[in-house]
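Note sheet for the following structure.
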Amino acid sequence: DGGITQSPKYLFRKEGQNVTLSCEQNLNHDAMYWYRQDPGQGLRLIYYSQIVNDFQKGDIAEGYSVSREKKESFPLTVTSAQKNPTAFYLCASTPGSGNTIYFGEGSWLTVV
Amino acid sequence: EDQVTQSPEALRLQEGESSSLNCSYTVSGLRGLFWYRQDPGKGPEFLFTLYSAGEEKEKERLKATLTKKESFLHITAPKPEDSATYLCAVLGHSGTYKYIFGTGTRLKVLA
């Protein structure tokens, strides 16, 4: 089935560690996104990528990094510089500009 | 600045009690308005895309409508399985890839 796969579903991180969240899509979509969702807040954009080997910062990029080496993959690294990383992270994709955005099932990150 | 406000924040309905959720938006040139359903601990599930004022779309017990300032998600004769958070998002001409999301309406349908 076509879709967006995020892994792992649950991840625990010790303070000072970097962690990487995986996002893979087989929809042949050009654009991919990472959002953060906190209780009572709308989704906030971390990074997005329109094409391979290119990405742009969103509204809350500090403490995060991404790469886009393949069209189907857009991993997100949460670095130790991110002060409050405990959240629900959503990966999404669109065929291109102005289209419906589709989401993966999300990854929960907890700092312990 | 593009903005989306959803109301109410939470809504409790009896099974069969129809109601509407509101999504008010401010955007410089609407390219699309999107409705999603989100269950706890899961990613948003796409419901509808609306592009221009006057447009309507239906799916089972749900109907989405759009005006120049707001969108409504009408729920007819809801069932307990319709309980979820419903999210609205807009995309304007000012940000090609910048989707603006509301904070959602938490719907609870009681049997």
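The values are calculated or read from the model by the stated rules, or taken from the named source; none is laboratory data. Keep in mind that this is a model prediction, so the values were computed, not measured. Glycine gets a Cβ as well: all are built from the backbone with ideal geometry, and neighbour counts include every protein chain shown. To get the accessible areas, we keep the full protein, side chains included, count just its heavy atoms, and leave off ligands, DNA and RNA. Shrake-Rupley method; radii C 1.70, N 1.55, O 1.52, S 1.80 Å.
Looking at the stretch A:67-99, which of its residues are surrounded by fewer than 17 Cβ atoms within 10 Å (Cβ to Cβ), among the polar types (S, T, N, Q) and facing another protein chain (nearest Cβ under 8 Å)?
A:Ser97
If you check B:Arg37, B:Arg61, B:Arg31, which single one turns out to be within 13 Å of another protein chain (Cβ to nearest Cβ), on the phi < 0 side of the Ramachandran plot, under 14 Å from the mean Cα position of the chain (by Cα) and not small (Gly, Ala, Ser)?
Just a single option satisfies the conditions, and that option is B:Arg37.
Taking the stretch A:34-51, which residues are at the interface with chain B (Cβ under 10 Å from one of its Cβ atoms) and either open to solvent by 60 Å² or more (accessible area, probe 1.4 Å) or among the polar types (S, T, N, Q) (or both)?
A:Gln37, A:Pro39, A:Gly40, A:Gln41, A:Arg44, A:Ser49, A:Gln50, listed by residue number.
For B:Tyr51, state whether it is in contact (Cβ under 8 Å) with a residue 60 or more places away in the chain and under 29 Å from A:Gln50 (Cα atoms).
no
Report whether or not A:Asp59 is facing chain B (nearest Cβ under 10 Å), farther than 23 Å from A:Gly2 by Cβ and open to solvent by 40 Å² or more (accessible area, probe 1.4 Å).
Yes, satisfied.
Out of everything in the stretch B:42-52 that is over 12 Å from the mean Cα position of the chain (by Cα) and open to solvent by 30 Å² or more (accessible area, probe 1.4 Å), what residue ends up being farthest from A:Gly98 (Cα to Cα)?
Filtering the stretch B:42-52 down to residues over 12 Å from the mean Cα position of the chain (by Cα) leaves B:42-43, B:51-52.
Next, only the ones that are open to solvent by 30 Å² or more (accessible area, probe 1.4 Å) stay: B:42, B:51-52.
Working: B:Lys42: 24, B:Tyr51: 10, B:Ser52: 13 Å.
Per the criteria, the residue is B:Lys42.
Mind telling me which of the residues B:Leu73, B:Leu66 ends up being surrounded by 14 or more Cβ atoms within 10 Å (Cβ to Cβ), under 13 Å from the mean Cα position of the chain (by Cα), away from chain A (no Cβ under 13 Å) and within 30 Å of A:Trp108 (Cα to Cα)?
Only one candidate passes the filter, namely B:Leu73.
Which residue pairs have Cβ atoms under 7 Å apart, sit 6 or more places apart or on different chains, and have a first residue in the stretch B:85-98 that is more than 10 Å from every other protein chain (Cβ to nearest Cβ) and a second that is in a loop (DSSP other than H, G, I, E, B) and open to solvent by less than 10 Å² (accessible area, probe 1.4 Å)?
Final answer for the pair search is B:Thr85/B:Gly104; B:Tyr86/B:Gly104.
Looking at the stretch B:1-25, which of its residues are at pLDDT below 95 and either over 14 Å from B:Glu70 (Cα atoms) or surrounded by 14 or more Cβ atoms within 10 Å (Cβ to Cβ) (or both)?
Residues satisfying the conditions are B:Glu1, B:Asp2.
Restricting the search to the stretch A:12-30, which residues are buried (at least 16 other Cβ atoms within 10 Å of the Cβ), among the hydrophobic types (A, V, I, L, M, F, W, C) and more than 14 Å from A:Gly104 (Cβ to Cβ)?
Residue satisfying the conditions is A:Val19 alone.
So for the stretch B:81-101 (the condition being in a loop (DSSP other than H, G, I, E, B), at pLDDT 95 or above and open to solvent by 70 Å² or more (accessible area, probe 1.4 Å)), does at least one residue qualify?
Going through the stretch B:81-101, the residues in a loop (DSSP other than H, G, I, E, B) turn out to be B:83, B:93-98.
Next, only the ones that are at pLDDT 95 or above stay: B:83.
Those still in the list that are open to solvent by 70 Å² or more (accessible area, probe 1.4 Å) too: none.
No; the residues of the stretch B:81-101 include none that is in a loop (DSSP other than H, G, I, E, B), at pLDDT 95 or above and open to solvent by 70 Å² or more (accessible area, probe 1.4 Å).
For B:Leu30, indicate whether it is farther than 20 Å from B:Lys98 by Cβ and either open to solvent by less than 40 Å² (accessible area, probe 1.4 Å) or in contact with a Ser or Thr (Cβ under 9 Å, 6 or more places away or on another chain) (or both).
no
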